[in-house]
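Q: This is the structure I have questions about; it appears just below.
The values are calculated or read from the model by the stated rules, or taken from the named source; none is laboratory data. Everything numeric here is computed off the predicted structure, so don't read it as measured data. All Cβ positions, glycine included, derive from the backbone under ideal geometry; neighbour counts span all protein chains shown. Surface accessibility is based on the protein's heavy atoms, side chains included, excluding ligands, DNA and RNA. Shrake-Rupley method; radii C 1.70, N 1.55, O 1.52, S 1.80 Å.
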Amino acid sequence: MAPPPDSSKTAKLERYNSYIRRVNSTKLLNASSKLLFRATLLIALALVLFFTLNYPPLSSSSTSDHAPHRRSFLSSTFSSAGGAAWEKQVRHSSTPRRPNGFSVLVTGAAGFVGSHCSLALKKRGDGVLGLDNFNDYYDPSLKRARQALLQKHQIFIVEGDLNDGPLLTKLFDVVPFTHVLHLAAQAGVRYAMQNPQSYVASNIAGFVSLLEVAKRANPQPAIVWASSSSVYGLNTENPFSELHRTDRPASLYAATKKAGEEIAHTYNHIYGLSLTGLRFFTVYGPWGRPDMAYFFFTKDILQGKPIDVYRTHDQHEVARDFTYIDDVVRGCLGALDTAQKSTGSGGRKKAPAQLRVYNLGNTSPVPVGRLVGILESLLGTKAKRHVITMPRNGDVPFTHANVTLAGRDFGYKPTTDLATGLRKFVKWYVSYYGVEPRSKKDTRLATAATGTDRPEESD
């Protein structure tokens, strides 16, 4: 009979094996902890290096809480303040090429008026730096096309929002701007009923954000900014004069623009900022805004869709003082050329500063029905008109600009009638969108439009 197994030896062997397992487990845990620590340290060092290179320290500033078109983390990091290469682009774009030339920050530079003004300024030798948030109020691809056009002319657009205080501060730290042409805004009368907060965030908070940075700049820039003919609201005196009442806005858009004029007065009075407001009257032309009637009328007529043509509640035709883009550009440049220097420094006013407001219109109101007739002739297609009573959405029935003041102070004189201006717009439209001509007239039009690759500028 075999002897029973030695239980004491078996127990010792099991304890030894258990000990070995614990030792190996401890070694593995220690190795894992060291590896994790080293990996965390490496990632932390990489992030510190990344932000050091791509997000230089900013001067202290007050950042607005309002950001209606807030950019993503990656967008702001890579495109807004991207280190030495970014600063080089900013400086190069904003450096004037003519003696005593301006260095101009153009907000809304990828917009309709902004892109035209940027090109006109660059053409005459001024330095131009653009700022735009490329929001989607209308098709951003049109804004990107304008951006590409400006890039061909060595105009750099910083992608950012007016409510990004640190970004604005950085721009003013890098460039001693002599002027700001502030054209960025939430446009459109009717859209304010759908998204009212966007108007407050852009037209009021965004304007204040810009003025806050400008007041602290040394030197302070002179500022020319876009108000609107909408501020005349329910005014019935014609033609509209800068001396007429503007305290009865008919839309939230108009109210925000009127608020802008009062804010401009405040910053001029307290901080010595030189401020000039320009009340635009229905600007139209190549590279225009798709939300404007002349633009979507053209699209709908070509597509055979009906168009709504408004009449007033007392059955009068709605009329607008349509103003061609080249005339408006000349007005903007005239306002810049005659803008006096701001008188403050570091946020303190040292003397009274210039404060102005002007109408920029065509002085010749045209019924919307006549606008449609001109488009029908140019497109060789009859419009399917749907005549309806104007809804109560903030639109006004009639606008008519008195531009005597702008003519006296900087020689503003509109020269383009509606038929001529629409002809240039339609040439651009059929070229840009590749519209197939429907008639011999359209064929000639498309041929004439060939090669139209940039906004028409002032002569």
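Q: Assess whether I270 counts as being open to solvent by less than 40 Å² (accessible area, probe 1.4 Å) and β-branched (V, I, T).
A: Answer is no for this residue.
Q: Still on this structure: Would you confirm whether or not region 344-359 contains a residue that is under 30 Å from A222 (Cα atoms), of a type in the set (V, I, T), at pLDDT 95 or above and part of a loop (DSSP other than H, G, I, E, B)?
A: Taking every residue of region 344-359 in turn, none turns out to be under 30 Å from A222 (Cα atoms), of a type in the set (V, I, T), at pLDDT 95 or above and part of a loop (DSSP other than H, G, I, E, B).
Q: Since Q340 meets every condition but one in (1) assigned to a helix (DSSP H, G or I); (2) over 24 Å from the mean Cα position of the chain (by Cα), which condition does it not meet?
A: (1)
Q: Please determine whether any residue of region 118-140 is in a helix (DSSP H, G or I), surrounded by 18 or more Cβ atoms within 10 Å (Cβ to Cβ), over 10 Å from the mean Cα position of the chain (by Cα) and of a type in the set (S, T, Y).
A: Looking through region 118-140, at least one residue is in a helix (DSSP H, G or I), surrounded by 18 or more Cβ atoms within 10 Å (Cβ to Cβ), over 10 Å from the mean Cα position of the chain (by Cα) and of a type in the set (S, T, Y).
Q: Follow-up question, since we're still on this one. Can I263 be described as surrounded by fewer than 19 Cβ atoms within 10 Å (Cβ to Cβ) and touching a residue at least 60 places away in the same chain (Cβ under 8 Å)?
A: No; evaluated as a whole, the condition is false for this residue.
Q: Another one. Out of all the residues in region 372-381, which are of a type outside the set (S, T, N, Q), touching a helix residue (DSSP H, G or I) at 6+ places or on another chain (Cβ under 9 Å) and free of Cβ contacts under 8 Å to residues at least 60 places away in the same chain?
A: I374
Q: For region 205-244, which positions are farther than 20 Å from L273 by Cα and either among the small types (G, A, S) or at pLDDT 95 or above (or both)?
A: Residues of region 205-244 farther than 20 Å from L273 by Cα: 228-244.
Across region 205-244, the qualifying residues are S228, S229, S230, V231, Y232, G233, P239, F240, S241, E242, L243, H244.
Q: Check region 275-290 and report whether any residue there is open to solvent by 30 Å² or more (accessible area, probe 1.4 Å), under 18 Å from the mean Cα position of the chain (by Cα) and over 17 Å from A406 (Cβ atoms).
A: yes
Q: I'd like the full set of residues that are open to solvent by 20 Å² or more (accessible area, probe 1.4 Å), part of a loop (DSSP other than H, G, I, E, B) and within 16 Å of N359 (Cβ to Cβ), limited to region 243-260.
A: L243, H244, R245
Every residue, every condition in (1) surrounded by 19 or more Cβ atoms within 10 Å (Cβ to Cβ); (2) modelled with pLDDT of 95 or more; (3) of a type outside the set (A, V, I, L, M, F, W, C), yes or no:
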{"site": "G82", "(1), (2), (3)": "no, no, yes"}
{"site": "E87", "(1), (2), (3)": "no, yes, yes"}
{"site": "S93", "(1), (2), (3)": "yes, yes, yes"}
{"site": "P96", "(1), (2), (3)": "no, yes, yes"}
{"site": "G101", "(1), (2), (3)": "no, yes, yes"}
{"site": "V104", "(1), (2), (3)": "yes, yes, no"}
{"site": "F112", "(1), (2), (3)": "yes, yes, no"}
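Q: Regarding region 430-451, can at least one residue be identified that is at pLDDT 95 or above, open to solvent by less than 70 Å² (accessible area, probe 1.4 Å) and aliphatic (A, V, I, L, M)?
A: Yes: region 430-451 contains one or more residues that are at pLDDT 95 or above, open to solvent by less than 70 Å² (accessible area, probe 1.4 Å) and aliphatic (A, V, I, L, M).
Q: Right, another one. If I filter region 272-292 for residues that are in a helix (DSSP H, G or I) and either modelled with pLDDT under 95 or of a type outside the set (D, E, K, R) (or both), do I get at least one hit?
A: Looking for residues that are in a helix (DSSP H, G or I) and either modelled with pLDDT under 95 or of a type outside the set (D, E, K, R) (or both), one finds none in region 272-292, hence no.
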